[in-house]
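The values are calculated or read from the model by the stated rules, or taken from the named source; none is laboratory data. As the structure is a computational prediction, the values presented were derived from the model and not from experiment. Glycine gets a Cβ as well: all are built from the backbone with ideal geometry, and neighbour counts include every protein chain shown. To get the accessible areas, we keep the full protein, side chains included, count just its heavy atoms, and leave off ligands, DNA and RNA. Shrake-Rupley method; radii C 1.70, N 1.55, O 1.52, S 1.80 Å.
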Amino acid sequence: MAELKFKRVLLKLSGESLMGEQGFGISAEVLDFFADEVKKVHDAGVQLGIVIGGGNIYRGLSAHSQGIDRATGDQMGMLATMINSLALQNAIEKRGIHTRLMSAIKMDEIAEPYIRRRAIRHLEKGRVVIFGAGTGHPYFSTDTAASLRAVEIGADVIVKGTRVDGVYDSDPEKNPEALKFDKISYLEILKQNLRVMDLTAVSLCQENNLPMMVFNMDKPDNLLKLVLGETVGTFINN
Ligand code: UDP
């Protein structure tokens, strides 16, 4: 078996990426693709935790325009992450991998409550752990939830799957001249106001010395390459 660069990894996937081409909801094709990519790193021996967003279903920020209070909208958003988490859990388990879904909001009939030490035990036993319902609190994002869980479980790295190849000096989907960084510090991210994650998430990683890799999740084998130490995206640290 090839040597792993990262043994315990927290993967952050956006809810929006689950929509695929269809522009809403959950694409079966994308779900299967993600589960295949997860299987590759699991089979390579990685202890994997996953946080998936809910933006394909509901975002707290859009609540206001519908006359819904922000905090209530955020709670709706957190429930949306549970729907995505259940779908992802199902797809991963179909590939013969044991998983546990742990929720930050108690819903005992559907998922285990999030208990840090228990999550670590699951990882040690080779189960893929999906962390649902964000942080359990409104006014946060799933990027922050991912950073928090990564720090809590002692992950070697947080890997953020995106549609682009890493962090650029401007939006590569709008500016063809945009330059990609192979490596950059958290301080530079903040100074240049690069929209990698929200400020709360970035400062959690920065303060706890947790490195991050931003990479293109849509390319087959990228996640595997990344854990084996190949440069497939932008590496961020202090
Ligand atoms: N959310 C929240 N607290 C959290 C995590 C998420 O209130 O700890 C809500 C928030 O409203 C957010 C929504 O859940 O808009 C969906 O998550 P997010 O927008 O981060 O998903 P993504 O952009 O990754 O799809």
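Within the assembled protein chains, the solvent-accessible surface assigned to residue 64 is about 150 Å², based on a 1.4 Å probe.
Only helices enter the 222 nm calculation for the chain: every DSSP H run of n ≥ 4 contributes -39,500 (n - 2.57), and dividing by all residues gives -10500 deg cm²/dmol, rounded to 500. Among the trypsin sites (Lys or Arg not before Pro) in region 120-213, those located in a DSSP loop and surrounded by at most 15 other Cβ atoms within 10 Å of their own Cβ are 125, 163, 174, 195. The candidates 24, 34, 140, arranged from most to least accessible area with a 1.4 Å probe in the full protein assembly, appear as 24, 140, 34. Strictly over 30 Å apart at the Cα level, which of 40/183; 7/219; 106/180 would you flag in this model? 106/180, as the Cα separations exceed 30 Å there.
Computed from the Cβ-Cβ distance with R0 of 22 Å, the FRET efficiency linking residue 230 to residue 185 stands at 0.55. Taking the Cα centre of region 56-159 as origin and assigning +1 to Lys and Arg Cβ atoms and -1 to Asp and Glu Cβ atoms, the resulting dipole is close to 320 debye.
Ranking 59, 8 by solvent-accessible area of protein heavy atoms (1.4 Å probe, all protein chains present), from largest to smallest, gives 59, 8.
In terms of its C-alpha gyration tensor, region 1-49 comes out prolate, because a/c is 1.5 or above and the ratio a/b outweighs b/c. For the chain, return all DSSP H helices satisfying: extent of Cα atoms along own axis at least 27 Å; mean Kyte-Doolittle hydropathy at least 0.0. Long hydrophobic helices here: 70-93.
Counting only protein chain heavy atoms and rolling a 1.4 Å probe, the accessible areas of 139, 168 rank, largest first, as 139, 168. Computed packing ranks the peptides 86-93, 112-119 as 86-93, 112-119, most packed first, by mean other Cβ atoms within 10 Å. The base-10 log of I(q)/I(0) for region 1-155, evaluated at q = 0.18 Å⁻¹, reads -1.04 [Debye formula, identical scatterers on Cα atoms, solvent excluded].
The relative contact order of the chain, computed from alpha carbon pairs under 8 Å that lie at least 6 residues apart in sequence, is 22 percent.
Using R0 = 35 Å, the C-beta based FRET efficiency linking residue 137 and residue 173 works out to 0.65. Rounded to the nearest 20, the Cβ-based charge dipole of region 1-54 about its Cα centre (Lys and Arg +1, Asp and Glu -1) stands at 400 debye. Full extension of the chain between residue 238 and residue 203 gives 11.5 nm of extra length, using 0.36 nm per residue less the Cα-Cα distance.
The spacing between region 69-134 and region 148-193, judged by their C-alpha centroids, is 25 Å. Overall, the chain carries a charge dipole of about 720 debye about its Cα centre when +1 sits on the Cβ of Lys and Arg and -1 on the Cβ of Asp and Glu, all other atoms neutral.
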